[in-house]
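Colleague: Would you mind keeping the following structure in view while I ask a few things?
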Amino acid sequence: MNLPQRVPLMIGGKWVESQTEQWLDVTNPANQEVLSRVPFATDDEVDTAIASAGKAFETWKNVPVPQRARLMLRYQQLLKEHHDELAEIICQELGKNFEDAKGDVWRGIEVVEYACNIASLMMGETVENVAGSIDTYSLIQPIGVCAGITPFNFPAMIPLWMFPLANACGNTFVLKPSEQDPLTAVRLLELYAEAGAPDGIVQLVHGGKACVNKLCSHPDIRAVSFVGSVAVGKHVYRTATQNLKRVQCMTGAKNHMVVMPDANRKQAVNNIIGAAFGAAGQRCMAISVVVLVGEARDMSADIVAAARDVSPGIWSDPKAAYGPQISAEAKTRILGLIAQGKEEGAECLLDGTDFRVDGYPDGNWIGPTVFGNVTAEMQIYREEVFGPVLCLLNAGSLEEAIALINDDFRANGTSIFTDSGAAARKFQNEVMVGQVGINIPIPVPLPFFSFTGWRGSFHGDQHPYGKQAVRFYTETKTVTARWFEGDIPTGPNMSITLK
Ligand code: NAD
């Protein structure tokens, strides 16, 4: 696998090296090997990227919809052919284990498959004879240049939530991936060009705050799609809406799983382990809190025993359940929260603080960590840890568990494990969270639905992928038309009614 020594920008269909003086190392989090260097693009470079997306829009918006769909068909085929290679890049720069990295790519491919159906998705509506010889019909049209700002934890899936659908709708795009793992995006766009994407329909820029602020405020950007932490998401939403952009911000989470006393215990424990520790807890839909209701509280020993069997390792080790944290800073932050949890009186039932992986002393490893007797006031509960740390809470009833979840300002995902249809139905009806799993721990919808986080986990109206994303990336134009046939009605119509 050849990784570029310097991560390039893609501007106007050409790969170019940034002229910036600000570069950051992209490292393998399992051993700190420097894989590449990523630029913080200059102001001029970002301006040029936006201008070139604007220029490409003038022709791309008129490319027939079936041709845009065929680009998606070729792209999904190429992504499948390069599935392992893309996963390997993710493994190198983010440390995910191979199967999980393949899942990251696959869930992106599914969105591209959805985009292949763009002609049907962009159909408008028609009503004939809304008044005498008058018809009304709607046209679904692209909006212009859109921007995407993505996080480190799904370097394939999340960019693929964005630019394929935006382009399929006839828009052009400026993508700014996470500066922590930008190499996957480079390969995604190389394959896109190979699939026949015309020059300029996607630009790739790199950077941090300054670059993001420009994308959120530049007058030629019509819409901004952001995925990342709560704090940055609020900033992006405020900045971009103040600059009158259409915005969708998918942000941080604290996802609870409720386990009822009648749940299948073995299934519940297995699902908790995968959902809490998979991807080193670096998933916005990770289960970081388990609420044991009533007699289910005695399951905590089983959960700890199962967690003890889980260990991280390098991506090429088939026994590694998950990989390292993305950075030494992330590891330090998580260790600080674990220490604080202990100080605040949570019972550390399993402590992964000192976990080591043989042969990889410099990796950002944290072993599975489980806290019992956690309360809603503790910082370990209140903050999104974004690491392999699970909090166990007890509740006396389902009502109490639902109230606890509804008290949290974040509302990305939640799940219930139970054998009772009545309990499950009450939960799905009363819980104020956007994605609910019933005996499913991570209920991320497939792309014919949308990813529907709520409240503090989402700002905007239209969610990513699915029909909502098509609405996000398009504008509706409604045409009311009459073709005169025979006598023209006499005199002006002085009322607002159609005649
Ligand atoms: P992050 O907020 O640090 O970074 C996200 C993006 O914002 C990156 O491209 C980064 O360069 C940029 N950025 C960082 N600091 C900035 C600043 N001060 N001003 C402007 N832009 C800035 O997030 P992350 O650590 O890369 O990703 C993890 C977070 O993303 C978690 O909170 C996770 O829950 C969330 N996430 C949410 C979803 C979802 O769909 N709701 C999906 C994946 C991840």
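The values are calculated or read from the model by the stated rules, or taken from the named source; none is laboratory data. Here the structure is a predicted model, which means the values were calculated and not measured. Note that each Cβ is placed from the backbone with ideal geometry, even for glycine, and that neighbours are counted across all protein chains shown. Areas reflect the complete protein model, heavy atoms only, side chains present, ligands, DNA and RNA absent. Shrake-Rupley method; radii C 1.70, N 1.55, O 1.52, S 1.80 Å.
Colleague: Can you give the accessible area of E347, probe radius 1.4 Å, in Å² rounded to 10?
Modeller: 90 Å²
Colleague: How high is the relative contact order of segment 1-142, in percent, with contacts defined as C-alpha pairs under 8 Å that are six or more residues apart?
Modeller: 18 percent
Colleague: Can you tell me the order of 296-303, 222-229, 470-477, 78-85 when each peptide is scored by its average per-residue count of other Cβ atoms within 10 angstrom, highest first?
Modeller: So the peptides 296-303, 222-229, 470-477, 78-85, ranked by packing, come out 222-229, 470-477, 296-303, 78-85.
Colleague: Let me ask something else about it. Mind pulling the angle between the C-alpha long axis of helix 230-242 and the longest principal axis of the chain? Nearest 10 degrees, somewhere in 0 to 90.
Modeller: With rounding to tens, the tilt is 20 degrees.
Colleague: Based on the mean of other beta carbon atoms within 10 Å per residue, what is the order of 362-372, 54-64, 277-287, most packed first?
Modeller: Highest mean packing first, the order is 277-287, 362-372, 54-64.
Colleague: What net charge is computed for the residues neighbouring A481, neighbours being all others with C-beta under 11 Å from the C-beta of A481, Lys and Arg scored +1, Asp and Glu -1?
Modeller: -1
Colleague: Next question. Enter the Cα centre distance for the pair segment 193-226 and segment 12-62, rounded to the nearest angstrom.
Modeller: Distance between centres, Cα-based: 9 Å.
Colleague: Let me ask something else. So if we plug the beta-carbon distance of D362 and A231 into 1/(1 + (r/R0)^6) with R0 = 22 Å, what FRET efficiency do we get, rounded to 0.05?
Modeller: After rounding, the FRET efficiency stands at 0.15.
Colleague: Round to a whole number: what % of the accessible area of the chain belongs to carbon and sulfur, probe 1.4 Å?
Modeller: Taking all protein chains in place, the chain shows 51 percent carbon and sulfur surface.
Colleague: Something else about it: If contacts are Cα pairs under 8 angstrom and at least 6 residues apart, what is the relative contact order of the chain in percent?
Modeller: 17 percent
Colleague: Next question, about the same structure. Using only Cα atoms, locate the centre of segment 392-433 and the centre of segment 300-377, then give the distance between them in Å, rounded to an integer.
Modeller: 26 Å
Colleague: Would you work out the relative contact order for segment 408-499, in percent, from Cα pairs under 8 angstrom that are 6 or more residues apart?
Modeller: 24 percent
Colleague: Can you work out ³J(HN,Hα) from phi for every residue in segment 389-400, in order, using Karplus 6.51 cos²θ - 1.76 cosθ + 1.60 and θ = phi - 60°, giving whole Hz and x for Gly and Pro?
Modeller: After applying 6.51 cos²θ - 1.76 cosθ + 1.60, I find 10, 10, 9, 9, 10, 10, 9, x, 7, 4, 4, 5 Hz.
Colleague: Using a 1.4 angstrom probe on the protein heavy atoms only, line up R308, R455, R410 by accessible area, largest first.
Modeller: Solvent-accessible surface, decreasing: R308, R455, R410.
Colleague: Just the accessible area for C116, please: 1.4 Å probe, Å², rounded to the nearest 10?
Modeller: Answer for C116: close to 30 Å² accessible.
Colleague: If you stretched the chain out fully between D461 and F448, how much longer would it get, using 0.36 nm times the residue separation minus the C-alpha to C-alpha distance?
Modeller: Gain on stretching D461 to F448: 2.9 nm.
Colleague: Quick one: which of 350-359, 236-245 comes out on top by average Cβ neighbours within 10 Å, and what's the full order, highest first?
Modeller: 236-245, 350-359
Colleague: State in Å² the accessible area per residue of the chain; use a 1.4 Å probe, count heavy atoms of protein chains only, and round to the nearest integer.
Modeller: 42 Å²
Colleague: Which percent of Cα pairs goes in each bin when the distances of the chain are cut into 20 angstrom slices starting at zero?
Modeller: 23, 51, 22, 4, 0
Colleague: Give the percent of DSSP beta bridges with both residues in the chain that are antiparallel, rounded to the nearest 5.
Modeller: Counting only bridges with both partners in the chain, antiparallel ones make up about 40 percent.
Colleague: Report the gain in length on full extension from N62 to N129: 0.36 nm times residue separation, minus Cα-Cα distance, nm rounded to one decimal.
Modeller: 21.2 nm
Colleague: Could you compute the net charge surrounding D25? Neighbours are other residues with a C-beta less than 14 Å from the C-beta of D25; K and R count +1, D and E count -1.
Modeller: Here the count lands on -4.
Colleague: Still on this structure: So how much slack lies between Q77 and T241, counting 0.36 nm per residue of separation and subtracting their Cα-Cα distance, in nm?
Modeller: The span from Q77 to T241 would gain 55.4 nm if fully extended.
Colleague: Continuing with this model, one more query. May I ask for the net charge around C216, where only other residues with Cβ less than 10 Å from the Cβ of C216 are counted and Lys, Arg are +1 while Asp, Glu are -1?
Modeller: So the environment of C216 carries a net charge of +3.
Colleague: Could you name the lysines in cross-link range of K477, using Cα to Cα under 24 Å and dropping any fewer than eight places away on the same chain?
Modeller: K55, K61, K245, K467, K499
Colleague: How far apart, in nm, are the 7 Å Cα→Cβ label points at D47 and A481?
Modeller: Each label point lies 7 Å from its Cα, and together they span 4.2 nm.
Colleague: Related question: So how tilted is helix 98-115 from the main axis of the chain? Cα-based, degrees 0 to 90, rounded to 10.
Modeller: Value to nearest ten degrees: 20.
Colleague: Related question: Given the DSSP H assignment, sum -39500 (n - 2.57) over each helix run of at least 4 residues in the chain and divide by its residue total; what's the result at 222 nm in deg cm²/dmol, nearest 500?
Modeller: Calculated from helices alone, the mean residue ellipticity at 222 nm is -11500 deg cm²/dmol.
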